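Only one structure is covered here, and it is reproduced in the block below.
Nothing in this text is a laboratory measurement; each read-out follows from the coordinates by a stated rule. Only a predicted model underlies this, so the values are computations on that prediction, with no experimental measurement involved. Positions of Cβ are generated from backbone atoms using ideal geometry, with glycine treated the same way; all protein chains shown enter the neighbour counts.
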Amino acid sequence: MGTVTIGVSIAVPEPHGSLLQERRAGFGDAAAHGIPTHVTLLPPTEIDSAALAAVEAHLSEVAAVGRPFPMRLCGTGTFRPLSPVVYVRVVEGADGCAWLQQRVRDASGPLERELQFPYHPHVTVAHGIDEAAMDRAFAELADFEAEWPCTGFALHEQGLDGVWRKLREYVFGGAVVPPQVGHAERGSIASR
């Protein structure tokens, strides 16, 4: 049957997802339009096509025990010089992402794998482009902010054309999004 390359991620919702994708393309990252804006839970992983049903069942189990959590992006970071990446930082929701990615890669499931680097949730906005463009991405998105309730994740497959396409979305078993602690307090202090 052959193999497929899959990935599991949390989508950055609109309008933020398209905005960051356009900015990534504008910095000269040729892969930008083939990669929906996301926070990775499982990096590109090659599996046997026959294992896809087991992967989908496993991800359904992970989603069933998952609960919604607040996500907030703010500012930029970089993995340079270790890796040629500039990213937008996950400043709230990182623990939820770490918990999820651990369960996705659980040793008892079909997606067990070692990571090349320690897990660090982030949203890539520049990858493998020239240093000047990376510096520009780092500076121009330094004030970027977005927040939303994370209510699930998705399974994607990379086509032969290099484009990532969503195969299936998984919604968490819990229906209540916890309050975003601190946001209301900051607003009330500012209005005094």
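Whats the longest run of the chain with zero GluC sites (Glu not before Pro) that are DSSP loop and have at most 12 other Cβ atoms within 10 Å?
1-111
With both labels modelled 7 Å from their Cα along Cα-to-Cβ, the residue 113 to residue 166 distance reads 2.1 nm. Using the Cβ-Cβ distance between residue 140 and residue 45 with R0 set to 25 Å, the FRET efficiency works out to roughly 0.20.
Remark: 134, 71 ranked as 134, 71, counting other beta-carbon atoms within 10 Å and listing the fewest first.
Global dimensions of the chain from alpha-carbon coordinates: Rg and Dmax equal 17.2, 65 Å. Per residue, the chain reaches -8500 deg cm²/dmol at 222 nm when only DSSP H runs of four or more residues are counted, each adding -39500 (n - 2.57).
I want to verify the translational diffusion coefficient of region 83-154 in µm²/s; compute it with Stokes-Einstein, Rh as the Kirkwood radius over Cα pairs, at 20 °C and 1.002 mPa s. Result for D is 150 µm²/s. In plain terms, the residue of 9, 108 with the fewest other Cβ atoms within 10 Å comes first and the most crowded comes last, giving 108, 9. For region 3-190, averaging the sequence separation of C-alpha pairs within contact (under 8 Å, six or more residues apart) and dividing by the residue count gives a relative contact order of 31 percent. Given bins 10 angstrom wide, list per bin the percent of all Cα-Cα distances in region 46-91, short to long. So the P(r) values, bin by bin, are 20, 23, 28, 28, 0. Taken along the Cα-to-beta-carbon direction at a fixed 7 Å, the label points for residue 79 and residue 18 span 2.8 nm.
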